[in-house]
Amino acid sequence: MTDWPAKEKQYYMNTFNRLPVTLVSGDGSWVWDDRGRRYLDFLQGIAVNALGHAHPVQVKAIAQQATTLLHTSSLFHVPRQYELAELLVENSALDRVFFVNSGSEALETTIKIVRKYGKLNRDGAYEIIVMTNAFHGRTIASVAATANPHYQEDFVPMPEGFVRVPFNDLAAAQAAVGPKTAGILVELIQGEGGVYEAGQDYVQGLRALCDDNDLLLALDEVQTGIGRTGRFFAYEHYGIQPDVMALAKALGGGLPIGACMVNERAAVFVPGDHGSTFGGNPFICAGAGAVVRHVIENELWKNATQQGERLKAGLADISARHGNAITDIRGKGLLLAFDLGEERAEKFLAHALECGLIVNRVAPPSIRMAPALNLTDAEADEGLARIEKTLSGIL
Ligand SMILES: *Cc1c(COP(=O)(O)O)cnc(C)c1O
C-alpha cells in the first residue's frame with residue numbers, strides 16, 4: 001500500500017496539519033479510507049459537499065458536460081454559466097452574478113465592487129469595515145479582511161483600507177463610519193471563527209447604517225449560503241437584503257466555484273474591470289447548476305433545519321448523560337458547533353476518527369459539524385451515537 005503521508009512530506013508544500021487518514025471513496029454521508037474503514041462524514045469537505053459524496057444528479061451533470069465541452073473562455077457566450085446565474089438571481093434578492101473559482105476570489109471580487117462603488121459614489125471612499133474574528137480567505141486582500149493575525153504576520157504589508165471593529169457591536173460599526181468608508185463586510189454566522197451568529201438587531205442596524213450613509217452592505221455567505229443554515233441564504237433569517245454577497249463552498253457541491261452577487265445599485269463593473277480565466281466555465285457551471293437546482297427543487301434548507309434541531313437536541317441529551325461535558329451548542333441548520341473545552345476538544349477530534357466520525361475543531365474549545373444537506377434521520381442518529389461513543393472514550 002502506498003505511504004501517502006510520506007509522499008506528502010517529500011513533494012507537497014508544508015502547509016497543512018493533516019489528519020492521519022487517506023479517504024479514497026464516498027457515497028452520500030459515508031466515506032471510506034485506503035484501509036477499507038468507513039466513516040460518517042459530518043464535515044463534508046468543510047461545508048462543501050451539499051449533496052454528500054457522489055450524488056447521482058451531480059455525477060450525471062458532470063459526466064455529460066465533460067464529454068461535451070469543458071471550457072471556452074469568456075470571449076464567447078456560456079449557456080451553462082447563464083443558467084446557473086439565473087437560478088441564483090431568481091432565488092435571491094440580488095440581480096447579477098460573477099463567477100470565480102473559490103471563496104477567496106469571491107471576496108476579492110466583493111472588495112473590488114465596494115471600492116469601485118466608493119470611487120463612483122462616495123468621492124473615492126475605499127475603506128471597508130470588517131469584524132473581529134472574521135474569516136474571508138487566504139489571498140492577500142481577503143486575508144487582510146480576515147481577523148486572525150497569524151494568517152497575516154509573515155506576509156505584511158497587508159493591503160490597506162480595512163477597518164476592524166468588534167463583531168456584534170453596532171455602536172462600534174457606527175463610530176467607524178467616516179468619509180472614507182465605502183462599505184461593511186460581515187459574515188452572518190462566523191464559520192471559521194467558531195460558528196458564532198450575528199444578532200438580529202445588529203444586522204438590521206448594519207443595514208440601516210449602510211442606507212443612511214450610502215454604503216454597500218456586503219455579506220460573506222461563502223459558508224452559510226445554498227441552504228446550509230436552514231434558509232437558502234442566511235440573510236433570509238434577518239429580514240434584510242444585502243447589496244453584495246460572496247458565495248462558494250456548497251455552491252459547487254465539491255467543484256471549485258465561487259460567486260459574487262450584486263443588486264443593481266452595486267452592479268458597478270464595466271468591461272475590463274474584472275475577469276477570470278476559469279471562472280464560470282461550462283464544466284463547473286453544469287455541475288454546480290445540478291447541485292443548486294437539486295437543493296432548490298427539494299427545498300433542502302428545510303431538511304437542514306429539521307436535522308439541525310435533531311442534532312442539537314441529541315447533543316443536549318448526550319451532555320446531560322455525561323456530566324454536562326458539552327458547555328455550549330450553537331449554530332443554525334446544519335452549521336453547528338459544540339464546546340468541550342480546549343483539552344477535551346483536542347482529544348475528541350482524534351478519538352472521533354477511531355469511532356468512525358468526521359468532524360473538525362473550529363476554535364480551541366469547539367467542534368464543528370457541517371453534514372450533507374440531505375442528511376437522513378437515521379444518519380443524524382448514527383452521528384449522535386458516534387459522538388456519544390467518542391465522548392465516553394475521552395471522559
Ligand atoms: C471558506 C471561506 C472563505 C474562503 O474560501 P476559499 O474557497 O478557501 O478561498 C471565505 N469566507 C468564508 C466565510 C469561508 O468560510
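List of remarks:
- Restricted to the range 1-89, the set of helices (runs of 4 or more DSSP H) holding at least 1 residues that are acidic (Asp, Glu) comprises 4-11.
- Within the range 119-138, considering residues that are closer than 24 Å to Gly275 by Cβ and surrounded by fewer than 24 Cβ atoms within 10 Å (Cβ to Cβ), the one nearest to the ligand (Cβ to nearest atom): Arg138
- The range 290-306 - residue that is of a type in the set (A, V, I, L, M, F, W, C) and farther than 10 Å from Leu373 by Cα and, of those, surrounded by the most Cβ atoms within 10 Å (Cβ to Cβ): Val291
- Flag for Gly287 being open to solvent by less than 10 Å² (accessible area, probe 1.4 Å), touching a residue at least 60 places away in the same chain (Cβ under 8 Å) and at positive phi: no
- Restricting the range 139-160 to residues that are within 14 Å of the ligand (Cβ to nearest atom) and part of a loop (DSSP other than H, G, I, E, B), the residue that is least open to solvent (accessible area, probe 1.4 Å): Thr146
- Residue within the range 218-226 that is open to solvent by 50 Å² or more (accessible area, probe 1.4 Å) and polar (S, T, N, Q) present: no
- Residue check for Ser92: surrounded by 15 or more Cβ atoms within 10 Å (Cβ to Cβ) and in a loop (DSSP other than H, G, I, E, B): yes
- Restricting Val31, Val24 to those that are in contact with an Asp or Glu (Cβ under 6 Å, 6 or more places away or on another chain), open to solvent by less than 30 Å² (accessible area, probe 1.4 Å) and either within 16 Å of the ligand (Cβ to nearest atom) or over 24 Å from Gly230 (Cβ atoms) (or both) reduces the list to Val31.
- For the range 266-278, residues that are surrounded by fewer than 24 Cβ atoms within 10 Å (Cβ to Cβ) and touching a residue at least 40 places away in the same chain (Cβ under 8 Å) total 9.
- Criterion (over 30 Å from Glu343 (Cα atoms) and in contact with a Gly (Cβ under 8 Å, 6 or more places away or on another chain)) met by exactly one of Ala267, Ala234: Ala234
- Number of residues in the range 236-258 that are under 16 Å from Leu334 (Cα atoms) and either assigned by TED's automatic domain parsing to the domain that holds Ser29 or surrounded by fewer than 24 Cβ atoms within 10 Å (Cβ to Cβ) (or both) equals 2.
- Of all residues in the range 22-39, those that are farther than 16 Å from Val359 by Cα have Cβ atoms under 7 Å from Cβ atoms of residues that are hydroxyl-bearing (Ser, Thr, Tyr) and modelled with pLDDT of 95 or more, 6 or more apart or on another chain, in Asp34/Thr22.
- Applying a threshold of 8 Å to beta carbon distances and a minimum spacing of six or more residues, or different chains, the list of pairs starting in the range 88-113 at a residue that is modelled with pLDDT of 95 or more and ending at one that is within 9 Å of the ligand (Cβ to nearest atom) and open to solvent by 40 Å² or more (accessible area, probe 1.4 Å) reads Asn101/Pro256; Ser102/Pro256; Gly103/Lys249; Ser104/Arg138; Ser104/Thr139; Glu105/Thr139; Leu107/Thr139; Glu108/Thr139.
- Gly239 vs. criteria of a type outside the set (Ser, Thr, Tyr) and more than 20 Å from the chain's Cα centre (by Cα): yes
- Scope the range 161-211; condition surrounded by 20 or more Cβ atoms within 10 Å (Cβ to Cβ), without any contact (Cβ under 8 Å) to a residue 60 or more places away in the chain, of a type in the set (A, V, I, L, M) and part of a loop (DSSP other than H, G, I, E, B); matching residues: Leu188, Ala198
- Note on the range 307-328: residues that are under 24 Å from Gly225 (Cβ atoms) and open to solvent by 50 Å² or more (accessible area, probe 1.4 Å) amount to 3.
The values are calculated or read from the model by the stated rules, or taken from the named source; none is laboratory data. Worth saying up front: this structure is predicted, and the values here are computed from it rather than measured. Heads up, the Cβs are rebuilt from the backbone with ideal geometry, glycines too, and the neighbour counts pull from every protein chain shown. Ligands, DNA and RNA are stripped out before the accessible areas are found, and what is left, the full protein with its side chains, is counted by its heavy atoms. Shrake-Rupley method; radii C 1.70, N 1.55, O 1.52, S 1.80 Å.
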